[in-house]
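Chemist: Shown below is the structure under consideration.
The values are calculated or read from the model by the stated rules, or taken from the named source; none is laboratory data. Only a predicted model underlies this, so the values are computations on that prediction, with no experimental measurement involved. Using ideal geometry, Cβ is built from the backbone for each residue, glycine included, and neighbour counts are taken over all protein chains shown. What goes into the accessible areas is simple: the full protein's heavy atoms, side chains included, and nothing from ligands, DNA or RNA. Shrake-Rupley method; radii C 1.70, N 1.55, O 1.52, S 1.80 Å.
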Amino acid sequence: LYLQEPSNKRVRPLARVTSLANLISPVRNGAVRRFGQTIQSFALRSESKSPGCAQKSCSRSAAPTPPKRRNSVLWSEMLDVNMKESLSTKEIKRQEAIYEMSRGEQDLIEDLKLARKAYHDPMLKLSIMSEEELTHIFGDLDSYIPLHEDLLASLGEATKPDGTVEQIGPILVKWLPRLHAYKGYCSNQLAAKALLDQKKQDRRVQDFLQRCLESPFSRKLDLWSFLDIPRSRLVKYPLLLKEILRHTPKDHPDIQILEEAISIIQGVLSDINLKKGESECQYYIDKLEYLDEKQKDPRIEGSKALLCHGELKNKNGHKLYVFLFQDILVLTRPVTRNERQAYQVYRQPIPVQELLLEDLQDGDVKMGGSFRGAFGNSDKAKNIFRVRFQDPCPGQSHTLQANNVFHKQQWVNCIRTAIAPFQRTAATAELKELPELSEELEENNPSVPNVRAQKRQSGVSEIELDESTSECGSILDSEEGKGGKAQRSSTGHRTKQEKQLSGKRKETLV
């Protein structure tokens with residue numbers, strides 16, 4: 001006989017009773033609550049000591065060996081108490097900065113040797129990569145070891161028995177120009193990284209690099225981190241020199257020499273960046289593919305600088321890879337050819353001299369019409385801008401979307417910087433060609449449009465206003481087109497008035 005219990009009876013499910021502590025009802029008495037917590041802690045301890053738990057822990061794989069750590073002892077920590085008292089706080093900080101430079105050189109030398117011993121040589125011996133591929137990835141890494149060993153030896157000779165260095169400026173002024181040797185290495189980094197990423201698709205390479213990553217010597221750094229250490233070290237030199245200079249007394253003989261050293265390293269880095277930029281530019285130019293001969297613009301092949309590049313989406317949601325060279329904007333589609341990345345040129349490249357940028361606000365481009373399905377399923381598009389020819393004849397216009405507002409702002413700022421010189425030149429030429437108007441005519445004749453007011457009201461640039469008067473027709477809004485027609489219709493009337501008022505004082509409309 002099945003008897004159903006009354007619904008108002010409170011039943012505690014057994015599954016929720018895991019320990020004696022759970023059987024104790026919660027009360028406000030603190031002593032009882034602490035007693036329940038004590039029982040629960042005892043239960044947890046007994047569970048952790050149970051044989052079943054021990055078997056589970058034993059069956060797990062052994063934990064990896066902890067990574068090797070570098071010695072991070074400060075210079076002041078190696079001094080005795082009497083030595084610290086004899087030095088001023090400023091001098092201690094100066095010696096700390098010098099010691100940091102010396103210690104950094106020692107760490108760099110160790111990493112360069114490690115890259116050869118733990119990665120290059122084993123992969124060559126095991127035939128994981130060919131000698132040509134390893135040379136392309138590692139470059140002349142060995143040749144830089146003696147370079148930094150020379151600086152380390154010079155700093156060691158200049159160190160006194162008490163651990164202080166009196167003057168470091170002459171050593172640096174003599175040594176820093178030798179860093180020009182890094183031009184070739186830094187220029188090859190982009191191609192080396194691309195080849196390394198391609199070789200990682202090989203299972204043997206991937207397995208070897210993973211084993212190295214799990215080894216203590218790697219300090220949880222992958223191979224590329226070791227290959228990129230020289231470049232990151234170059235960037236630190238100006239910071240280290242400025243730190244030494246900041247803690248050097250004004251009457252110290254190192255002052256002027258350190259300022260000269262900072263100027264030298266900045267010049268070296270500028271030359272390396274220029275050479276690296278040219279190499280990066282040529283790397284991408286070589287990967288461009290053209291569907292039409294008309295797309296081949298000589299300004300692409302002649303480019304020496306790549307101002308900005310990255311992935312954007314067009315109005316249909318298709319991914320494009322866009323390159324802004326120094327003189328031309330090229331939109332491409334990423335493609336793969338024989339397991340290698342290439343970039344197929346999309347539409348006609350836009351020369352920077354003919355480029356017009358429109359910074360669109362969120363929601364300016366909405367769903368529906370020609371933009372149906374654009375930028376996902378949201379009601380309005382975000383982080384968008386438009387690039388097109390100034391001349392509307394070619395009909396080339398691209399509405400592009402960035403990943404986020406910061407990405408968009410980088411593109412907008414970069415494009416504005418590129419087209420700014422051409423805009424200033426065009427504005428100067430237009431000012432020279434403007435006719436002279438009498439002050440009375442401008443103020444009293446309502447048929448003469450106020451050009452400044454039109455620009456403020458329409459919110460478009462001077463170049464956009466000029467577009468509305470072109471023979472090919474305008475793609476701007478109707479109000480802008482009306483403003484252009486008014487400007488054209490008033491030209492003849494203005495000429496007649498000028499002839500009638502030729503004896504009066506005239507001035508140029510700016």
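Chemist: With only Lys, Arg, Asp and Glu charged, each at its Cβ (+1 for the first two, -1 for the last two), find how big the charge dipole of the range 73-286 is about the Cα centre; round to the nearest 20 debye.
Modeler: Numbers: 29 positive and 36 negative charges, 88 e Å.
Computed about the Cα centre, the dipole is about 420 debye.
Chemist: Ok, one more. Going by a ≥ b ≥ c, the root eigenvalues of the Cα gyration tensor, does the range 307-364 fall in the rounded group (a/c under 1.5), the prolate group (a/b larger than b/c) or the oblate group?
Modeler: Taking the square roots of the gyration eigenvalues as a ≥ b ≥ c, the range 307-364 is oblate.
Chemist: What's the FRET efficiency of Lys294 with Leu126 using the Cβ-Cβ distance as r and R₀ = 41 Å, to the nearest 0.05?
Modeler: Values: r = 50 Å, r/R0 = 1.22.
Taking R0 as 41 Å, the efficiency between Lys294 and Leu126 is 0.25.
Chemist: Take every Cα pair under 8 Å in the range 73-286 that's 6+ residues apart, average their separations, divide by the length, and report that relative contact order as a whole percent. Display every interim value, and only then the final one.
Modeler: Numbers: 164 pairs, mean separation 61.6, N = 214.
Computed value for the range 73-286: 29 percent relative contact order.
Chemist: Same structure, new question: How far, in nm, would the chain grow between Arg204 and Arg116 when pulled straight, counting 0.36 nm per residue and subtracting the alpha carbon separation?
Modeler: 29.8 nm
Chemist: Classify the range 147-226 as rounded, prolate or oblate, taking a ≥ b ≥ c as the square roots of the eigenvalues of its Cα gyration tensor: rounded when a/c is under 1.5, otherwise prolate if a/b is larger than b/c and oblate if not.
Modeler: Oblate.
Chemist: Given R₀ = 35 Å, what would the calculated FRET efficiency be for His136 paired with Lys236, taking r from the Cβ atoms and rounding to 0.05?
Modeler: Efficiency for this residue pair is about 0.85.
Chemist: So, one more: With respect to the cross-link table entries Lys183/Lys275; Lys313/Lys408; Lys276/Lys304; Lys380/Lys408; Lys90/Lys242, which display a Cα-Cα separation exceeding 18 Å?
Modeler: The pairs that break the limit, which is 18 Å between Cα atoms, do not exist here.
Chemist: Apply 1/(1 + (r/R0)^6) to the Cβ-Cβ distance of Glu157 and Ser225, taking R0 = 30 Å, and write down the FRET efficiency to the nearest 0.05.
Modeler: Numbers: r = 32 Å, r/R0 = 1.06.
Plugging the Cβ-Cβ distance into 1/(1 + (r/R0)^6) gives 0.40.
Chemist: So, in nm, how far is label Gln341 from label Gln409 when the simple model puts each one 7 Å beyond its Cα toward the Cβ?
Modeler: 2.6
Chemist: Another question, if that's okay. What part of the accessible area of the range 73-286, given as a whole %, is carbon or sulfur when the probe is 1.4 angstrom?
Modeler: On the range 73-286, the fraction of accessible area on carbon and sulfur atoms equals 51 percent.
Chemist: Right, next: Using 0.36 nm per residue, how much length does the chain from Arg178 to Ser215 gain when fully extended, once their Cα-Cα distance is taken away?
Modeler: Contour length minus the Cα-Cα distance gives 9.9 nm.
Chemist: Another question, if that's okay. With a 1.4 Å probe and every protein chain left in place, work out the accessible area per residue of the range 73-286 in Å², rounded to a whole number.
Modeler: 52
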